[in-house]
Structure formats: structure tokens, C-alpha cells
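Okay, so here's the structure we're looking at.
The values are calculated or read from the model by the stated rules, or taken from the named source; none is laboratory data. Model, not experiment: these values are computed from the prediction. Reconstructed Cβ throughout: ideal geometry from the backbone, glycine too, with neighbour counts over all protein chains shown.
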Amino acid sequence: MTTKGLAGSDIRRNGTDVEHFDVIIVGARCAGSPLATLLARAGLKVVVVEQATFPREVLSSHLMEADGLLFLKRLGVLDQVEKTGVRFMRRADTKLNDFHVVSQFPLRFDDVGGATFLRRHLLDMILHEASVEAGADVRMATKVVELIWERGRVAGVRAQHDGRETELRAPLVVGADGRNSTVAYMVGSRKYNVVPNERSYYFTFFEGADPSSDDTFVFHRWGDRMVWAGPADNGLYLVGVSPEGHEREYFRRNTEEGLLAHMRACEPTAKALADAKIATKISGIVKFEGYFRQSAGPGWVLVGDAGHFKDPSAGRGIGDAFRQVERLAPAIVAALGRAGAGVSELGQDETLRLWSQWRDERFAGHYWLANILGEAGALPSAVPEALRGMVDRGEIGRFLDLYHHRSKYYEVFPLTDMAGITAKMLLSGKHKRLPLIRETVKLLAREPRRRWINRHPQLVSSDVTAAPPVRVRPVPAPVTAPAAPAAPVTAPAADATATSAKSAMNGKSDQKNAEV
């Protein structure tokens with residue numbers, strides 16, 4: 001047995017290889033890889049452990065909005081993204097209930113575009129290659145089998161590749177391994193503010209779409225239907241649909257027929273795909289839940305879907321992962337010290353706790369907006385009415401910026417304004433009173449409670465039965481947060497969630513590391 005000196009030096013202990021790093025990242029997709037890139041560029045010794053091999057498709061909406069595209073530009077990989085043939089959408093065709101608008105996305109001077117669809121096997125490979133070029137040590141087809149604990153802290157992982165086990169040690173382990181996070185499971189992280197889904201999600205890619213639709217993102221939500229669509233890479237066109245529970249069995253038996261029926265009921269997609277044909281398998285997800293997870297503890301932190309997942313209707317999984325990563329990277333550098341110079345363990349824990357608190361504050365409002373979009377039934381009547389008012393006042397850009405996480409849900413749709421709009425609708429006599437009164441009662445009862453639980457997280461019991469002892473401080477989830485897609489005047493929004501149609505029927509995904 002030998003002992004170690006500097007991060008990255010190799011030793012053997014009881015016949016097992018032992019390697020030392022500054023940071024271990026579990027998961028190499030759109031949270032793990034860019035985080036590894038930023039940390040390696042900052043001078044930290046980083047190893048990434050990914051159980052899959054690339055390229056490989058994964059559960060995702062494949063959607064990136066303006067802020068996500070700008071992050072890729074700052075990361076230095078935009079040229080590689082453009083080589084895939086993606087089209088950057090600049091208009092949004094939005095329909096919510098009886099409100100319908102086609103408008104330009106509000107873009108800033110340095111924006112690349114309003115939104116784009118890029119298949120994940122291409123995006124993930126681009127991000128992976130960037131991390132390798134930055135100097136990260138990436139281990140593909142490698143599975144974490146155990147966490148290493150010392151003095152009540154996570155001190156590393158035991159990883160297995162081709163039947164051989166290696167001990168990787170570092171002062172910080174990052175779980176960037178998706179909704180079914182191994183790291184979250186092993187540290188006993190609890191979920192809070194959990195919301196079950198009310199719609200399923202199916203999508204596929206078409207070839208032969210009308211090229212005149214190339215610059216427009218479609219998001220239509222009316223009655224019990226929701227359709228989102230737009231141009232993707234390599235001449236493909238993505239269409240996603242979100243059937244409610246009453247159609248679940250029908251879609252299980254007639255997936256393609258159901259998707260095509262919903263697509264043809266949406267005027268812009270029916271027109272764009274009149275002469276097109278399905279080019280890829282239909283993917284989807286039937287059963288899932290939105291949540292926050294306790295995301296920072298002694299020696300560990302969770303990022304991306306590992307720590308927070310919202311209804312896919314918002315289409316924000318990739319962009320939100322990027323936003324979290326860009327905030328987390330400097331926090332880690334500050335916590336560990338440049339090039340591993342090191343700071344106290346208490347200082348590290350506090351820095352990461354504050355990052356986790358920032359995440360909750362930043363994404364809370366967006367989380368609830370995504371939940372509203374993903375609910376069964378029509379949207380509350382006050383929502384499209386509020387959007388009409390924004391159009392009349394020339395303020396629709398505030399709403400559209402929700403797509404890009406540049407405005408906040410609670411500021412765009414203040415509770416007092418929504419109540420006032422509903423009251424005016426009642427007094428106008430143009431709307432059925434009883435349904436409107438029910439909507440108002442639900443709105444006035446639900447929104448204050450949601451804002452309360454943002455500050456007082458509703459924890460659920462951990463499903464871990466045999467985790468190592470760990471003390472996790474619940475992180476409050478205050479209010480703030482830019483919300484997500486939903487409607488008016490323009491907007492990339494919506495989300496598909498992917499896994500094979502067969503897996504979707506079972507309510508499972510065959511992929512673990514995903515940002516929806």
C-alpha cells in the first residue's frame with residue numbers, strides 16, 4: 001500500500017488503483033461536460049465518469065433557447081453546433097386557448113438566435129469533445145458502484161470499467177447524472193415540492209418539411225392538446241405532442257397514429273409537414289414527476305436534472321443545466337482554490353450551499369409555470385387575457401423573455417394583476433361565470449401556497465434504504481425565478497421528452513443522464 005501526494009498522482013491500495021483529483025464529475029452530458037470544461041480551463045484536475053458511450057441518443061426535448069445558445073458561444077463550441085446544420089429560429093407561433101400570435105423573439109445584440117432543436121447525440125458529443133480538449137480526464141463506459149466516505153464526508157467514488165474497479169478520490173464529487181442520479185441516491189438526497197405529471201410527451205423528427213417554416217418555433221396549447229415543433233439539425237423537423245391521461249391507452253396502442261392526429265390538428269405543423277414523412281423512431285415518456293432535490297452536502301453537489309427537474313412543457317432542461325453550470329463552476333473554483341490550492345471544508349460546504357440556495361431561488365417561479373403548462377385541461381382564462389393586454393401595451397417581449405430565462409414568472413404574471421383580470425372578465429358578462437369563478441378560486445388558493453412552499457420546502461421521504469450516514473441541510477426554495485414557455489406572441493417552449501416509445505409505455509427511460 002502506498003500513499004498519495006498531489007491531485008492526479010496514482011497509487012495502489014490493497015490491489016486497487018487509486019487516483020486523486022480536485023473534482024470528480026459523474027455524468028458527461030449537458031451538465032457534466034461543460035462543467036468539466038470550465039473547471040479544467042480554470043486549472044483544476046477533473047475526472048468525468050460516464051456509464052454510457054457516445055454518441056448515444058437520450059431522453060430530451062432537444063430544445064435550446066437564446067440563453068443556451070449564447071452559453072455555447074461563450075464556451076467556444078458554436079462553430080461545431082452550426083456545422084450540424086441547425087436552423088436558429090427567430091419567430092414564435094404561439095397559441096394559448098383562443099389567443100394566437102406570431103412574433104419575433106426579443107433578441108439582444110450578441111444573441112445567436114431565439115431557439116433551435118439539436119439532437120442530443122450531436123450536442124453531447126460536441127460538449128464531450130470540448131471537455132477533453134480542455135484537459136478533463138473522461139472515462140466512458142465507466143460506472144460508479146460506491147461512494148467513498150471519510151469523517152462523514154464524500155471523499156471519492158469507486159468506479160468500474162470492464163470489470164476492473166478503480167478508486168477515484170477528490171474533495172468534491174459532482175452528480176450530473178440526470179433524473180435517476182446515482183450520486184443523489186447514494187448520498188440520500190431528498191426531493192421536495194414534488195409534482196406528478198398530468199400529460200405524456202411524444203416526439204419524432206420528420207424529413208421533407210416545408211422550408212418556409214425554417215425560422216419559426218411553434219407552441220400551441222388549446223383544449224386538451226399541446227403541440228410544439230420547429231426545424232432541427234441536418235434538415236430535420238421536430239414535432240412533439242402532449243396527450244392527456246384519457247388518451248394514454250390509445251397512444252400506447254397507436255403511437256404513430258395519435259401523434260400524427262395531434263400534429264395535423266395544429267395548423268402550422270399540418271402545413272409544414274404536408275409532404276413530409278417520419279424519419280426517426282417516435283420517443284416519449286408517460287410517467288414522471290417534477291422536483292427539487294437537496295443538492296449540496298459535505299463533499300458533494302448535484303447539478304442539472306440530478307438536482308432539479310421540471311415539467312418538459314417548458315423545454316428548459318438543457319438551458320437550465322447550462323445556467324446552473326455557469327454559476328456552479330466559479331463557485332467550485334472559489335471553494336477549492338485555483339489549481340487545488342484548497343480552502344477549509346466548512347468554507348467549501350458553505351459556498352456550495354449558497355449555490356444550491358441560488359438555484360432554488362432562481363428556478364422556483366419557472367418550475368411552477370412549467371407545471372401550469374403541463375397540467376391537463378385548458379389554461380386559466382386569465383392567462384391569454386393577460387397576454388392580449390401585453391400585446392396591446394407593446395410589452396409582449398417581457399413574456400417572451402420567459403423562454404430565455406430573462407424575465408421572472410411572478411413579475412410577468414403578478415397575482416394581483418391576474419385576480420384583477422379575472423374580475424374584469426366576470427364583470428364584462430362575456431364569459432361563463434361558474435367556470436371563471438372556479439378558476440379564480442383555484443388561482444387565489446394555489447399561487448400563495450406555492451410561494452409559501454418555495455420558502456418552506458415540502459420534503460418527501462428518501463427512497464434510499466441503505467445510504468451511508470450523511471447530514472443534509474434542507475435548502476430553502478424561495479420565490480424568484482424566470483419561468484418558461486407558454487404562449488403568447490411568440491415563444492419557444494414546450495418540450496418533448498425522449499426515450500423509446502416502448503420504454504415510454506412502461507413509464508421508464510432506458511437512459512439515465514438526461515436534461516429534458
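Note on segment 41-59: among residues that are under 20 Å from the mean Cα position of the chain (by Cα) and among the charged types (D, E, K, R), the one that is nearest to LEU328 (Cα to Cα) is GLU50. The listed residues are TYR250, TYR291, and the only one of them that is surrounded by fewer than 16 Cβ atoms within 10 Å (Cβ to Cβ) and of a type in the set (Ser, Thr, Tyr) turns out to be TYR250. Looking across segment 199-220, the residues that are more than 18 Å from the chain's Cα centre (by Cα) and assigned to a loop (DSSP other than H, G, I, E, B) come down to GLY208, ALA209, ASP210, ASP214, ASP215. When we screen THR351, THR280 for residues that are touching a Phe, Trp or Tyr at 6+ places or on another chain (Cβ under 8 Å) and either over 24 Å from TRP222 (Cβ atoms) or at pLDDT 95 or above (or both), the only hit is THR280. Of the residues making up segment 264-317, just one is over 21 Å from LEU118 (Cα atoms), of a type in the set (S, T, N, Q) and under 16 Å from the mean Cα position of the chain (by Cα), namely SER295. Scanning segment 148-206 for residues that are out of contact with any helix residue (DSSP H, G or I) (no Cβ under 6 Å at 6 or more places or on another chain), among the aromatic types (Phe, Trp, Tyr) and either closer than 27 Å to TYR367 by Cβ or crowded, with 20+ Cβ neighbours inside 10 Å (or both) turns up TYR185, TYR192, PHE203, PHE205, PHE206. Restricting the first member to segment 76-92 and to residues that are at negative phi, and the second to residues that are part of a helix (DSSP H, G or I), the beta-carbon pairs closer than 6 Å and six or more apart or on different chains are VAL77/ILE126; VAL77/ALA130; LEU78/LEU72; GLN80/ILE126; VAL81/LEU72; THR84/LEU122; THR84/ASP233; VAL86/ASP233.
Of (1) in contact with a Cys (Cβ under 8 Å, 6 or more places away or on another chain); (2) among the hydrophobic types (A, V, I, L, M, F, W, C); (3) modelled with pLDDT under 95, ALA321 satisfies all except one. Which? Result: ALA321 passes all but (3).
Looking only at residues of segment 313-329 that are assigned to a helix (DSSP H, G or I) and among the basic types (Lys, Arg), we find that the one that is surrounded by the fewest Cβ atoms within 10 Å (Cβ to Cβ) is ARG327.
Counting only residues that are of a type in the set (Val, Ile, Thr) and within 23 Å of the chain's Cα centre (by Cα), which one in segment 87-124 is surrounded by the fewest Cβ atoms within 10 Å (Cβ to Cβ)? Quick ask: steps written out before the conclusion?
Of segment 87-124, the ones of a type in the set (Val, Ile, Thr) are 94, 101-102, 112, 116.
Among the residues that remain, those that are also within 23 Å of the chain's Cα centre (by Cα) are: 94, 112, 116.
Numbers: THR94: 31, VAL112: 20, THR116: 27.
It comes out as VAL112.
Can you confirm whether VAL48 is at negative phi, in contact with a His (Cβ under 9 Å, 6 or more places away or on another chain), in a strand (DSSP E or B) and of a type in the set (A, V, I, L, M)? Against the criterion (at negative phi, in contact with a His (Cβ under 9 Å, 6 or more places away or on another chain), in a strand (DSSP E or B) and of a type in the set (A, V, I, L, M)), VAL48 qualifies. Scanning segment 273-288 for residues that are of a type in the set (A, V, I, L, M) and in a loop (DSSP other than H, G, I, E, B), we see that the one that is surrounded by the fewest Cβ atoms within 10 Å (Cβ to Cβ) is ALA274.
Checked against the criterion of being in a helix (DSSP H, G or I) and farther than 14 Å from PHE117 by Cα, the candidates LEU39, LEU69 yield just one match: LEU39. Set side by side, the residues ALA334, ALA296 differ, and just one is closer than 26 Å to ARG74 by Cα and touching a Ser or Thr at 6+ places or on another chain (Cβ under 7 Å), which is ALA334. Screening the candidates THR37, THR84, THR53 for the property of being closer than 22 Å to SER181 by Cβ, surrounded by fewer than 21 Cβ atoms within 10 Å (Cβ to Cβ) and among the β-branched types (Val, Ile, Thr) yields one hit, THR53.
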